[in-house]
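Visitor: This is the structure, below, for whatever I ask next.
The values are calculated or read from the model by the stated rules, or taken from the named source; none is laboratory data. Predicted model only: the values in this text are computed from it and were never measured. A quick note on method: Cβ atoms are made from the backbone with ideal geometry, for glycine too, and the neighbour counts reach across all protein chains shown. Calculation scope for accessible area: heavy atoms of the full protein, side chains included, ligands and nucleic acids excluded. Shrake-Rupley method; radii C 1.70, N 1.55, O 1.52, S 1.80 Å.
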Amino acid sequence: MYLSRPTGVARFAASSSSSSSASLFPGVDVDTTTKTGALHFEETKERIKKLFDKVELSVSAYDTAWVAMVPSPNSLNQPLFPECINWVLDSQHADGSWGLLHDDQLLMKANLLSTLACVLTLKRWNIGHDHMSKALDFIKSNIASATDENQRSPVGFDIIFPGMIEYAKDLNLNLPLAPTNVDALVRKKELELRRSNSEGGKAYLAYVSEGIGKLQDWDMVMQYQRKNGSLFNSPSTTAAAFMHRNDDGCFDYLRSLLQKFDGSVPTIYPLDIYARLHMVDSLQKFGIARHFKEEIRSVLDETYRCWMQGEENIFLDASTCAMAFRMLRVEGYDVSSDQLTQFSEDLFPNCLGGYLKDFGASLELYKASQIITHPDESVLENINSWTSRFLKHGLSSDSVWSDRTDSVVKQEAVNALEFPYNATLERLISKRAMESYSGDIVRISKSPYACLNFGHQDFLELAVVDFNTLQRIHLKELEELQRWVVENKLDELKFFRLHLGYCYFAAAATLTDPELHDARIAWAQNGVLTTVVDDFYDGGGSEEELDNLIELVEKWDPDGEVGYCSKNVEIVFLALHSTVCEIGRRALVWQGRSVMRNVIDGWLALLKVMRREAEWSTNKVVPSMGEYMEQAHVSFALGPIILPMLFFVGPKLSEEMIGSCEYQKLYKLMSTAGRLKNDIRSFDRESKEGKLNSLSLWMIDGGGNVTKEEAIEAIKGDFERAIRELLGLVLQENTTIPRACKDLFWKLMSIVNLFYMEDDGYTSNRLMNTVKAMFEQPMDLDALLNK
């Protein structure tokens, strides 16, 4: 093939250390804690960094052949670009074909297309007769693939291939094709032309102009010319247009390509913006983006500059535009969703990608449509609606698109639909990305093309080593937490649902940087302790015990005069006291000040609200919806989890920051969203227990005229508004709370949403299996590469 596929397994395997980690992590013997392992880890990172410098595209025999057919304006008997003819003569494969060498037998249509284009070139200039003879034998042997519906079809094949057969007649070239084959191909072309009568169809016909030739409306075609002189960034379309219109812009584009690619051309150019964004997206999905912060920032800064300048290579391509919008907005760049209006349900079919029902572009639009930060972004709601329907249909077994859509893209669509942006975790995303890795960097446009920046194997190798290294860290931290539970006698509490694995899983799957040990431990410990007090105040303790615990926290003196009215109270308070003191000690190093009072106040606020709700339950009080939510967002118990965690992620947080309106709003929106989601999932169970929540209160406020289903829809609406407002505040730049801290509010809300997607957050078998896989199943590089 014209651009070699990446390799690299041997580099890791040959240099692996003989450490004990080999038995723990089959397929990847690299231990980054050893000098040798760390060296090769860094070498892999450097190779990936170099990929940012240059977008490498494979040569397209098909497009090069069309450029080679262009005659000189001064003499129709002389080629304008003879270097392309030389490339064609030098690049025929042993079987007589031209095209990208690939082990996918379903790419035969593409090889037929490229081979026939090269034959036409050689016939046009009356050269390479032996080449033509071998090529015609190849075409004769494989022509059945041209009408095989199971073959992966290049874009426009049903118009271009028959069109080239007609051009062969004009050149007096006798193709070894049976009349039945030719008739079948011509009928498909006529059918394709008849159905292409929409606005999007017009763009499609312009794109495949070389297959229409003399019958084409070239005035219509030139309406699609871009600022760089090309038609659709396609060398073959541009070459065909130049042959018919002798346009200077077309010439300049083709000449610049040949200078850049040394006598040959790719099937699409430029692709730099898309390719680099795709790289960033891949690094993020593989969970290794933190190793390339400078490179990623450089890509996004340049993309933002192009966005603000109205760069057509962004806005004329749905995939690029959607990806740029999503990444820029998530990283805090100010980009308007108005630019996506052209991809709304009514307008998208008018463009080339919409007409072709581009599955990959629809997936990118779906992901972009979830980044809603303003209440009036109806265009994103519109796109979200139609793309979700489109993707679900495309994944169905009876869909005409399911067979021709790349398996990796289809799996990504499954994941995107099942786990939306507001219910994703970094570690789960990276695990899925590794498990669905293909290694196939070939895409299909008019012609197959490879780009080393897509899915490079080094991405997988680095991701596997990184994942397994983090897993080792997580296992040690989990052991540390298990000792903490025993040392604090929490395992002796009979009323308590001990879900240490879930609590730590939430932290480990979200805070992936190795240096965030203190933040992960604080998250997990406070997650366990909030569950303890929740169970204690929800029937696990007597009124005397509940009041005793509050008084103990108020005094904050384990040896003081308050005393303990029961063993349970003593265990709960001493565990809380020792844990908060240890957090305070560690936070002093990070923050340079004491944060003990902040943490204690958070716990005290939670206990008092839980006590009030316990009184409501005992006295059968029915609060108003407003009264309930004012207490319930606090009793959801995220406050004592989020605040200590924030002290360990880097930025220093002053008293003023913690007391700011922005902090309180972030906290309330996050907790409100979590409470509403919890209330929906726990409604049936709590109703049987005689407990009220937002769903039951909504129905009560409706005076018996509101059904459960109507109440659920209303609560879902409140949930959606809360998370949109939260996301908008998180992504807003130049605010009081540092972005690294604001991100944690979103991440904590996301894991709560994930936990409550199916049930009450603790009873999902699938979630339990996911937790086990995170801690017990290392990634096996060999297995991933050979699946």
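Visitor: Filter region 125-152 down to residues that are farther than 9 Å from K109 by Cα and in a loop (DSSP other than H, G, I, E, B) and give me whichever is most open to solvent (accessible area, probe 1.4 Å).
Guide: Checked region 125-152; the qualifying residue most open to solvent (accessible area, probe 1.4 Å) is E149.
Visitor: I'm checking my understanding of the structure. Among residues of region 681-700 that are in a helix (DSSP H, G or I) and charged (D, E, K, R), which one is farthest from K747 (Cα to Cα)?
Guide: Top of the filtered list is K688.
Visitor: A follow-up question, please. In region 128-137, is there at least one residue being touching a residue at least 40 places away in the same chain (Cβ under 8 Å) and either of a type in the set (V, I, T) or touching a strand residue (DSSP E or B) at 6+ places or on another chain (Cβ under 8 Å) (or both)?
Guide: no
Visitor: While we're on this one: Using the structure shown, decide if K476 is open to solvent by 30 Å² or more (accessible area, probe 1.4 Å), assigned by the TED database to the domain that holds A524 and on the phi > 0 side of the Ramachandran plot.
Guide: When the stated conditions are applied, K476 does not pass them.
Visitor: Tell me yes or no: at least one residue of region 577-586 is crowded, with 20+ Cβ neighbours inside 10 Å and closer than 15 Å to S671 by Cα.
Guide: The answer is no; no qualifying residue exists.
Visitor: Need the failing condition index for T238 against (1) surrounded by 15 or more Cβ atoms within 10 Å (Cβ to Cβ); (2) more than 25 Å from S60 (Cβ to Cβ), just the number.
Guide: (2)
Visitor: Condition first: within 38 Å of the chain's Cα centre (by Cα) and within 22 Å of L493 (Cβ to Cβ). Now tell me which residues in region 588-606 satisfy that.
Guide: V599, G602, W603, L606 - these are the residues of region 588-606 that are within 38 Å of the chain's Cα centre (by Cα) and within 22 Å of L493 (Cβ to Cβ).
Visitor: Within region 421-440, how many residues are of a type in the set (A, V, I, L, M, F, W, C), under 16 Å from A463 (Cβ atoms) and open to solvent by less than 40 Å² (accessible area, probe 1.4 Å)?
Guide: The number of residues fulfilling the criteria is 4.
Visitor: Sticking with this structure for a sec: Taking the conditions exactly as written (assigned to a helix (DSSP H, G or I), open to solvent by less than 10 Å² (accessible area, probe 1.4 Å) and more than 24 Å from P154 (Cβ to Cβ)), does L254 satisfy them or not?
Guide: no
Visitor: When you go through (1) of a type outside the set (D, E, K, R); (2) assigned to a loop (DSSP other than H, G, I, E, B); (3) closer than 20 Å to Y437 by Cα one by one for F496, which number turns out not to apply?
Guide: If we test F496 against (1) of a type outside the set (D, E, K, R); (2) assigned to a loop (DSSP other than H, G, I, E, B); (3) closer than 20 Å to Y437 by Cα, just (3) comes out false.
Visitor: Tally up the residues in region 349-371 that are free of Cβ contacts under 8 Å to residues at least 60 places away in the same chain and under 11 Å from C321 (Cβ atoms), please.
Guide: 5
Visitor: Of all residues in region 49-87 being in a strand (DSSP E or B) and without any contact (Cβ under 8 Å) to a residue 60 or more places away in the chain, which is surrounded by the most Cβ atoms within 10 Å (Cβ to Cβ)?
Guide: P79
Visitor: Pairs, please: C-beta under 7 Å, at least 6 apart or cross-chain, first residue free of Cβ contacts under 8 Å to residues at least 60 places away in the same chain and among the β-branched types (V, I, T) and in region 542-556, second open to solvent by 20 Å² or more (accessible area, probe 1.4 Å) and part of a helix (DSSP H, G or I)?
Guide: V553/L604
Visitor: Working only within region 97-107, note down all residues that are touching a residue at least 12 places away in the same chain (Cβ under 8 Å), open to solvent by 30 Å² or more (accessible area, probe 1.4 Å) and in a helix (DSSP H, G or I).
Guide: L106
Visitor: Hey, any hits in region 88-96 for a residue that's part of a helix (DSSP H, G or I), closer than 17 Å to L173 by Cα, in contact (Cβ under 8 Å) with a residue 12 or more places away in the chain and open to solvent by less than 40 Å² (accessible area, probe 1.4 Å)?
Guide: no
Visitor: Kindly establish whether R585 is more than 39 Å from the chain's Cα centre (by Cα), of a type outside the set (S, T, N, Q), part of a helix (DSSP H, G or I) and not assigned by the TED database to the domain that holds L692.
Guide: no
Visitor: While we're here: Give region 482-530 a look and list any residue that's buried (at least 20 other Cβ atoms within 10 Å of the Cβ), modelled with pLDDT of 95 or more and not aliphatic (A, V, I, L, M), or say none.
Guide: N488, D518, R520, W523, Q525, N526, G527, T530
Visitor: Pick from region 657-680 the residues that are in a helix (DSSP H, G or I) and of a type in the set (S, T, N, Q): which of them is surrounded by the most Cβ atoms within 10 Å (Cβ to Cβ)?
Guide: Checked region 657-680; the qualifying residue surrounded by the most Cβ atoms within 10 Å (Cβ to Cβ) is S671.
Visitor: Considering only region 306-355, state which residues are in a helix (DSSP H, G or I), more than 18 Å from the chain's Cα centre (by Cα) and closer than 24 Å to R724 by Cα.
Guide: W307, S337, D338, Q339, L340, T341, Q342, F343
Listed here are the residues, each with its yes/no results for (1) within 41 Å of the chain's Cα centre (by Cα); (2) outside the structural domain of S236 (by the TED database); (3) within 21 Å of L254 (Cβ to Cβ).
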| position | (1), (2), (3) |
| --- | --- |
| M69 | no, no, yes |
| P82 | no, no, yes |
| S91 | yes, no, yes |
| A94 | yes, no, no |
| W98 | yes, no, yes |
| Q105 | yes, no, no |
